Amino acid sequence: MTNDDSPHGYRIGRADHECRYPVLVDEQQIGRIFRWHGGWLAIPAGTSEPIRRGDGRDGSDAAARYLLEEYRAGRITPQADTRKPDQGTGGRVPLLHPRMRDTDRNQNTARKAVAGLTAYQWEPRGGYPGADNPWAVRCQLCGWEGNRYWSHLRGRNGNPPSPYRHPGCIDADKVRAVIPAYANTSND
Ligand SMILES: [Zn+2]
């Protein structure tokens with residue numbers, strides 16, 4: 001890959017299972033960025049303390065640009081882009097996202113969320129991040145992987161979640177037919 005493919009001077013790589021994206025310069029990692037409660041946080045390479053640097057739609061670019069500026073100022077030493085081993089099927093997925101405090105209350109909430117996820121045929125790929133943060137999940141109906149919010153997946157007002165799961169999934173009618181949890185609720 002040449003620099004022509006990175007018009008901003010950096011490239012955002014594939015997210016890990018905690019939904020953190022590596023920011024790459026010349027294929028060297030200068031840090032990671034991730035979304036948390038509507039903002040974007042940046043973790044400079046070699047550190048573990050996230051810094052909030054962006055909000056809203058353009059937040060990912062703001063957070064990446066911050067890392068780029070720090071790197072160009074000589075304050076970040078890039079690291080090889082080593083990805084963590086896959087925590088997928090067969091691997092152990094932690095109950096809680098690393099940013100969730102390990103309390104009884106959070107554990108209980110996470111267990112309920114995982115049970116709800118399982119009932120609607122989703123598989124968690126990373127620890128529970130809270131209802132309003134992106135959660136890496138796998139669709140067990142078709143194998144799609146991506147990020148979803150538990151606040152959307154859990155349904156609302158006692159109603160089941162939308163059968164429109166993600167672009168490219170099986171038809172909504174089939175989703176209702178194959179997931180028993182939809183049969184327990186009326187659609188009226
Ligand atoms: Zn699917």
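Give, in nm to one decimal, the length gained when the segment between TYR164 and ALA115 is fully stretched (0.36 nm per residue of separation minus the Cα-Cα distance).
Values: separation 49, 0.36 × 49 = 17.64 nm, distance 1.98 nm.
So the chain would gain 15.7 nm between TYR164 and ALA115.
Specify, per residue and in Å³, the volume enclosed by the convex hull of the alpha carbon atoms belonging to the chain.
Working: hull volume 27.2 nm³, N = 188.
Hull volume over Cα atoms, normalised by residue count, gives 145 Å³.
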Separation in nanometres of the label points that stand 7 Å from Cα toward Cβ, at TRP144 and ASP104: 3.9 nm
Percent of beta bridges antiparallel (DSSP, the chain, rounded to nearest 5): 95 percent
Exposure ranking of SER162, SER151 by accessible area [1.4 Å probe, largest first]: SER162, SER151
Rounded accessible area per residue of the range 104-183, 1.4 Å, Å²: 53 Å²
Surface accessible to a 1.4 Å probe, ILE76 within the full protein complex, Å²: 10 Å²
Part-to-part distance (alpha-carbon centres) for the range 102-157 and the range 1-71, which is given in Å: 24 Å
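Quote the relative contact order of the range 3-80 in percent (integer), defining contacts as alpha-carbon pairs under 8 Å separated by 6+ residues. Show your work: numbers first, answer last.
Numbers: 146 pairs, mean separation 18.9, N = 78.
24 percent.
Where nothing but the Cβ of Lys and Arg (+1) and of Asp and Glu (-1) is charged, how large is the charge dipole of the chain around its Cα centre, in debye to the nearest 20? Write out the running numbers ahead of the final one.
On the way: 27 positive and 22 negative charges, 120 e Å.
In debye, rounded to 20, the chain gives about 580.
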Relative contact order, percent, the chain [alpha-carbon distance under 8 Å, six or more residues apart]: 14 percent
Using alpha-carbon coordinates, inclination of helix 59-72 to the longest axis of the chain, degrees: 30 degrees
Exposure rank, largest accessible area first [HIS37, HIS166; 1.4 Å]: HIS37, HIS166
Residue-span extension gain [ILE51 to VAL93] - 0.36 nm each, minus C-alpha spacing: 12.6 nm
Cα-based helix-to-principal-axis angle, 104-119 vs the chain, degrees rounded to 10: 60 degrees
Label-point separation in nm, ARG156 to THR77, each point 7 Å along Cα→Cβ: 5.0 nm
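The values are calculated or read from the model by the stated rules, or taken from the named source; none is laboratory data. Being a predicted model, the structure only gives us computed values, none of them experimental. Virtual Cβ from ideal backbone geometry, glycine too; neighbours counted across all protein chains shown. The area values use the complete protein model at the heavy-atom level, side chains included, leaving out ligands, DNA and RNA. Shrake-Rupley method; radii C 1.70, N 1.55, O 1.52, S 1.80 Å.
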